[in-house]
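**Student:** The structure follows.
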Amino acid sequence: MARVPSAVVAASGLVGGYGVARWSRKRQLGGVVLAVAGAAAARQWRQQAGGVAAGALSAAYVAAFAGSHPLAKKVGAWPAVFGVAGAVGLASWVVADRRG
C-alpha cells in the first residue's frame, strides 16, 4: 500500500480541520481533525527526518494554525487556510518527503 506523503497529511489536516469546523459549526470537531492529522504527520516526520526535524515541523504546523487566524482578517478565511497549508506542505516536503 502506498504511503501518503507527510506534506499531504499536514496540509490536509489544516484545510480539513477548518472545513469540518466551519461546516459542522463545531470547532472542537475541527480541532480533532487538526490534531489527528498533525499527530500522523509528526509520526512520519520523525520516521523520515528524525526528532529535531519533527519537532520543528510540528512547531510550524501549530504556528500555521495560529497564524491563519490573524491572516484571515486581512485576506479572508479560505485564502489564509490554503496559504498556511501550502507553506506547511512545502516545508514538510523539503525537510522530510523529498528524501524518499
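**Student:** With a sphere of radius 14 Å drawn around the Cβ of SER68, what net charge do the other residues whose Cβ falls strictly inside it have (Lys, Arg +1; Asp, Glu -1)? Each step should come with its number before you reach the end.
**Tutor:** Working: positive: ARG22, ARG27, LYS73, LYS74; negative: none.
Within the 14 Å Cβ shell, the charges total +4.
**Student:** Calculate what fraction, in whole %, of the accessible area of the chain sits on carbon and sulfur atoms when a 1.4 Å probe is rolled over the protein chains. Show your work: numbers first, answer last.
**Tutor:** Details: 4020 of 6000 Å².
Here carbon and sulfur together make up 67 percent of the probe-accessible area.
**Student:** Still on this structure, I have one more. Please turn the phi angles of the stretch 29-40 into ³J(HN,Hα) values with the Karplus equation 6.51 cos²θ - 1.76 cosθ + 1.60 (θ = phi - 60°), one per residue in order, whole Hz, x for glycine and proline.
**Tutor:** 5, x, x, 5, 4, 4, 5, 5, 5, x, 5, 5
**Student:** Could you do me a favour and compute the accessible area per residue for the chain, 1.4 Å probe, result in Å²?
**Tutor:** On the way: 6000 Å² over 100 residues.
Spelled out: the 1.4 Å probe surface of the chain, per residue, equals 60 Å².
**Student:** Ranked highest first by average number of other Cβ atoms within 10 Å, how do 12-20, 89-97 line up? Display every interim value, and only then the final one.
**Tutor:** Details: 12-20: 21.0, 89-97: 19.4.
Peptide ranking by packing, descending: 12-20, 89-97.
**Student:** Now a separate question. Treating the beta-carbon of each Lys and Arg as +1 and of each Asp and Glu as -1, no other charges, what is the dipole magnitude of the chain about its Cα centre, to the nearest 20 debye?
**Tutor:** Numbers: 11 positive and 1 negative charges, 44 e Å.
About 200 debye.
**Student:** Right, next: Hey, if you put +1 on the Cβ of every Lys and Arg and -1 on every Asp and Glu Cβ in the chain, which of VAL33, ALA60, VAL95 ends up farthest toward the positive end of that dipole?
**Tutor:** Farthest towards the positive end: VAL33.
**Student:** Let me ask you something else. Mind listing the phi-derived Karplus ³J(HN,Hα) values for the stretch 46-54, rounded to whole Hz, using 6.51, -1.76 and 1.60 with θ = phi - 60°, and x for any glycine or proline?
**Tutor:** Rounded to whole hertz, the list is 5, 5, 8, 10, x, x, 5, 5, 4.
**Student:** Moving to a separate point now. What does the highest-first list of 61-67, 25-31 look like by mean Cβ count within 10 Å?
**Tutor:** 61-67, 25-31
The values are calculated or read from the model by the stated rules, or taken from the named source; none is laboratory data. This one's a predicted model, so the numbers in the text were calculated from it and none came from an experiment. For neighbour counting, all protein chains shown are included, and Cβ atoms are generated from backbone atoms with ideal geometry for every residue, glycine included. For accessibility, only protein heavy atoms count, side chains too; no ligands or nucleic acids. Shrake-Rupley method; radii C 1.70, N 1.55, O 1.52, S 1.80 Å.
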